Amino acid sequence: MITEVRLRPLRNADFDRVLEMERQLFGRGAWTYGMLADELAGLGRWYIVAEPERLDAAGPQPVIGYAGLWFDGDVTQVMTIGVDPHCQRHGVGRQLMAALIERSRKLKAEAVLLEVRVDNDAAIALYAEFGFQILGVRKRYYQPEDKDAYTMRLELAELEAVQDAPATPDDPNDEAGDAA
């Protein structure tokens, strides 16, 4: 079981492994080498990979997940998240998603957007856990399978307001509490 992973920037040496996972996860709709290279070269792109933390193994660990983000100056968009099928349900996707959201906050983005196949229940549940809301459906978005996609959005200002809220009514920083 994978309990901890190390996240690091995606490197050119990772392309073969990422493309192997793309084919496993997305079949005929997977990215090609050229598409991935073009995507990484695009302005405002940020891609990371996940490797297992293994204290008992020497040398580099295999890439078991990857994720990408695009920032246009106002919002970020999740370009991809993929986890090796053998490593799913171990929290790798959660760690990748958390890193994308944290990067979005550091970029001062208003929100995070993404598209997900309407039949990908596991991914939809993951995004809902993070607070993403469904905005609508894009018909026949995923090609060549002709699958629909939900568009989803996470408002970062609302998320930060909830996280910054006082933990208890007795919070010493709360002016009403000081007056009482």
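The values are calculated or read from the model by the stated rules, or taken from the named source; none is laboratory data. None of these values were measured; they are calculated from a predicted model. Neighbour counts are summed over all protein chains in view; Cβ atoms, including those assigned to glycine, are modelled from backbone coordinates with ideal geometry.
General observations
- Residue list for region 69-87, filter: touching a Gly at 6+ places or on another chain (Cβ under 9 Å) and in a loop (DSSP other than H, G, I, E, B): ASP72, GLY73, ASP84
- Number of the exception - PRO62 against (1) within 18 Å of LEU25 (Cα to Cα); (2) at pLDDT below 85; (3) part of a loop (DSSP other than H, G, I, E, B): (2)
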